[in-house]
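Each reported figure results from applying straightforward, stated rules to the coordinates on display, with no laboratory input. Computed from a predicted structure; not experimentally measured. For neighbour counting, all protein chains shown are included, and Cβ atoms are generated from backbone atoms with ideal geometry for every residue, glycine included.
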Amino acid sequence: MNDKEIAKEIIIKMIENDWIPRNEFPKATTVADCVAEAYKIILNAVKES
C-alpha cells in the first residue's frame, strides 16, 4: 500500500465512525471541506512515518 491508499483507508474509517469533529476545522464550510482537511493531515502524517 502506498501513502495515499493508507490515508484513504484511515479517512474512510474515520467517516464510518463519525470521528471527524467539525470544530477541529473552523475554516471549513462543509463536511466535504472537513474531510479534505483531515485527509491532508493524515496523508502528511503517513508520509512522515
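Residue farthest toward the positive end of the dipole of the stretch 3-48, with Cβ of Lys/Arg at +1 and Asp/Glu at -1: which of 6, 36, 17?
With unit charges placed on the Cβ atoms, the residue in question is 36.
Counting helices only, and only those DSSP H runs with n ≥ 4, report the 222 nm mean residue ellipticity of the chain as the sum of -39,500 (n - 2.57) divided by its residues, in deg cm²/dmol to the nearest 500.
-21500 deg cm²/dmol
Calculate one ³J(HN,Hα) per residue across the stretch 18-25 by plugging θ = phi - 60° into the Karplus curve 6.51 cos²θ - 1.76 cosθ + 1.60, and present them in order as whole Hz with x for glycine and proline.
Going residue by residue, I get 6, 9, 10, x, 5, 5, 6, 10 Hz, with x marking Gly and Pro.
What does the charge count around residue 14 come to, taking other residues whose C-beta lies under 14 Å from its C-beta (Lys +1, Arg +1, Asp -1, Glu -1)?
Net local charge, residue 14 excluded: -1.
Quick one: plug the Kirkwood hydrodynamic radius of the chain (C-alpha pairs) into Stokes-Einstein at 37 °C, 0.692 mPa s, and report D in µm²/s.
Approximately 299 µm²/s, per Stokes-Einstein.
I want to check the label-to-label distance for residue 37 and residue 14. Put each point 7 Å from Cα in the C-beta direction and report it in nm to one decimal.
1.1
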